Amino acid sequence: MATAVEVVSVSKTFRLFQEKYTSLKEKAIHFGKVPHEVFPALTDISFEVEQGVTLGLLGHNGSGKSTLLKCIAGILTPSQGEIRIRGRIAAMLELGAGFHPDLSGRANIYLNAALMGLSRKEVDARFDDIVEFSELGGFIENQVKFYSSGMYARLGFAVAVNMDPDILLVDEVLAVGDANFQLKCLAKIREFQEEGRTIIFVSHSPDLVRAVCSTAFVLDHGRLVGQGPTAEAVALLQKFQLSGSGLNHDPSTEDHRLEAAISRDIHLDALFVNGVDADRGVELQAMSQVELAIVIEDVASLAGACHLEVLVYNAAGVALIRAHTREMDMEPILVRGTVEAVVQFGSLPLAVGSYSMQVNLYHPQSGMMIESRRWDNAIMIVGGQKGVGGIIAAEASVFVKEVSSRNFL
Amino acid sequence: MKTDRGGASPTPSGYQRDRELPTHLVRPSQTVPQRIANIWRYRDLLKDLVAKEIKVKYKDSALGFIWSLLNPAMFILIYYIVFQKILKNGIPLFAIYLATGLLAWNLFQSGVLGATGSVVNNSGLVKKVAFPREILALASVGSAFIFFLFQTVVLAIFLIVFRVVPSPRFVWLVPLALIALLLFASALAVLLSGINVYLRDMQHLMEILLQAWFWATPVVYPFMEIYKQLNQHGLTWLYLANPTTPVALTFQRAFYVKANPLGTNGTIVHILPSYGPMWYLAVLGAIIVFSFIFFLVSVYIFGRLEGNFAEEL
């Protein structure tokens, strides 16, 4: 397998100015002594991304993950080191960057694709696919300024994914648009993965990274502090968050850290679905009653407390069901020794397919995450009603009523 | 770089992951040939950006691109009245003389002025999309060239109205003069667009400088008026060192035609130098060579400045 992206000891420093002197007068007055600090956004980063891998870049705000992505995209040039890129690269840092409001959707497709390095002939060949993916239909001839933000995002995404990139860079762009659009984007990303394209994915959201990526890197203060399978990387990221790493030290962090240190002694042991260990996967009939038993242990034998969040994801990584004890106005769950939290769902309206479950424990006062675990393919729904499908399950019956009678003589 | 094994089957969509892929590098500095190759690779973007500027400029205006004709037409009318009717400069067919020089000058001025702010005005793009940023400056020159083509209509109308036939001895030099002018304007455009990111005053400075530059170029007054003065001090070379001067002279020689016509007041007026076509060929050739080197230097300097664009904007 070949290497798609090779980052060789890349560093990037920014100069932070208290005030920027861009006019001639100011430059002359402050010539050579512009007050600034040097801020190392990236420090000596080296890694390789194999072709076909989906890599997640995790990190808190200011950790340098977006800077790294911009360097790979070629928008920023590294101060030191170099990046070797094999194949065509498409960067989605902002959907529809470069759209001109006064031009029609059609003209903007050509302009945007040209910005990404496509020739006119190549755009001609892809034009219909782009319009189809964007679902804009006849609106494609309208000026982009009349588009809704959803239409705008769809068009931007459509252009980027139809560039036929070998390497796709995605930065938080899936946050825009409605659920339907996100589902479609994720499906497209899955398709890319199956085709063996390389994807580098930046997100604040560990959930999204977990849903999409096989491996992940964790950045902290511009350094690569960890890499590995996504679950481990996410755990590492949370450790950094707990240890108070990050640029924004608000005064309350100290307390939070203290509380978190205590609460970290609470441990999520196991999840049972209708009495079966979720590690093994459970087969359920559609619309059946479900009872979850979540085993939480107090490792340090100190009485602790936590809030509980349960999520059910479909295969596309969309959270279909979410229940959070704090938002249900419940008291925190007291943990002495080992307790079992039981969550009951009257009936799960899940369509036939496999679903993943995630359980998160939160610190009751600070709201910080103590632990998060995910069980892939924990639930398998079988035997739904024949002929009824979609994202969720439903019970359907059809009958015919006579509205008026007429004589056919 | 590892080599691929062949024979892997393409996926249903036809994406072939194991084909040979081009490799490129992102590094602190790229060589000038690399930069120029990259600009060439994005030539379709240049076309699209030029098309965008033209479409957007007169969007939603009733007269549309006719405004780009009214502008020089008004200029010619005013200068004609002031210099011919009020100051009585005695130049025959003064409207054609003005239109010819102005045509060349407008291309240069609007290209350079538009380009100076091009990177700053497109900061949204520069921060979010990777493409050779020189294209932004070149697109300004490109759209100035398209407006130049529109404005040739004004000149053509004057030529038809006054029944002037372009000089066959000189008209073949016009494409060469255009190449020289475009190359020189492009070199200046790339340089200034880069500097303007760090020194925003450049835009305002250029507005003033270009006014002086306009009067340093024989557009309104005849070349020979200046020549007479400068020749006494042996300074003609200095005047001709301004690349826009020989270009304007070429245009005038080709379309205004007469070097020493009979003036409106009945005496011979000396307007254009009596150099032959070979003199123009040599001078334009020199400008092209100089502008080419200048362009390479501009791209080099632009490349050095570009590293911090995304932070400065």
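The values are calculated or read from the model by the stated rules, or taken from the named source; none is laboratory data. Just so it is clear, the model here is predicted, and its values are computed rather than measured. Glycine also receives a Cβ, built like all others from the backbone with ideal geometry; neighbour counts cover every protein chain displayed.
Report yes if B:Ser61 is crowded, with 20+ Cβ neighbours inside 10 Å and modelled with pLDDT under 85, otherwise no. No, not satisfied.
Considering B:Val247, B:Val257, the condition of being part of a loop (DSSP other than H, G, I, E, B) and either farther than 18 Å from B:Ala95 by Cα or in contact with a Ser or Thr (Cβ under 7 Å, 6 or more places away or on another chain) (or both) is satisfied by B:Val257 alone. Taking the criterion of being more than 15 Å from B:Pro222 (Cα to Cα) and touching a Leu at 6+ places or on another chain (Cβ under 9 Å), the only residue of segment B:77-103 that qualifies is B:Leu103. Looking only at residues in segment A:193-221 that are within 14 Å of chain B (Cβ to nearest Cβ) and without any contact (Cβ under 8 Å) to a residue 40 or more places away in the chain, the one that is surrounded by the fewest Cβ atoms within 10 Å (Cβ to Cβ) is A:Glu194. Kindly evaluate B:Gln84 against the criterion of being within 14 Å of B:Ile146 (Cα to Cα) and polar (S, T, N, Q). Spelling it out, it is not the case that B:Gln84 is within 14 Å of B:Ile146 (Cα to Cα) and polar (S, T, N, Q).
Results for (1) at positive phi; (2) more than 20 Å from the chain's Cα centre (by Cα); (3) among the charged types (D, E, K, R); (4) assigned by TED's automatic domain parsing to the domain that holds A:Ala97, shown as yes or no for each residue.
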| residue | (1), (2), (3), (4) |
| --- | --- |
| A:Asp124 | no, yes, yes, yes |
| A:Phe146 | no, yes, no, yes |
| A:Ala160 | no, no, no, yes |
| A:Cys185 | no, no, no, yes |
| A:Phe201 | no, no, no, yes |
| A:Arg210 | no, no, yes, yes |
| A:Phe217 | no, no, no, yes |
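For segment A:51-77, enumerate the residues that are assigned to a helix (DSSP H, G or I) and touching a Lys or Arg at 6+ places or on another chain (Cβ under 7 Å). If the condition is that a residue be assigned to a helix (DSSP H, G or I) and touching a Lys or Arg at 6+ places or on another chain (Cβ under 7 Å), then A:Thr67, A:Cys71 are the ones that fit.
Checking each residue in segment A:269-297 for being in a strand (DSSP E or B) and on the phi > 0 side of the Ramachandran plot picks out no residue at all. For A:Leu118, are the conditions met, namely being crowded, with 22+ Cβ neighbours inside 10 Å and not aromatic (Phe, Trp, Tyr)? In short, yes. Residue-level analysis places B:Met206 among those that are surrounded by 16 or more Cβ atoms within 10 Å (Cβ to Cβ) and within 14 Å of chain A (Cβ to nearest Cβ). Looking at B:Ile66, B:Ile54, B:Ile78, just one residue is under 26 Å from B:Pro175 (Cβ atoms) and either more than 14 Å from chain A (Cβ to nearest Cβ) or surrounded by 17 or more Cβ atoms within 10 Å (Cβ to Cβ) (or both), and that residue is B:Ile54.
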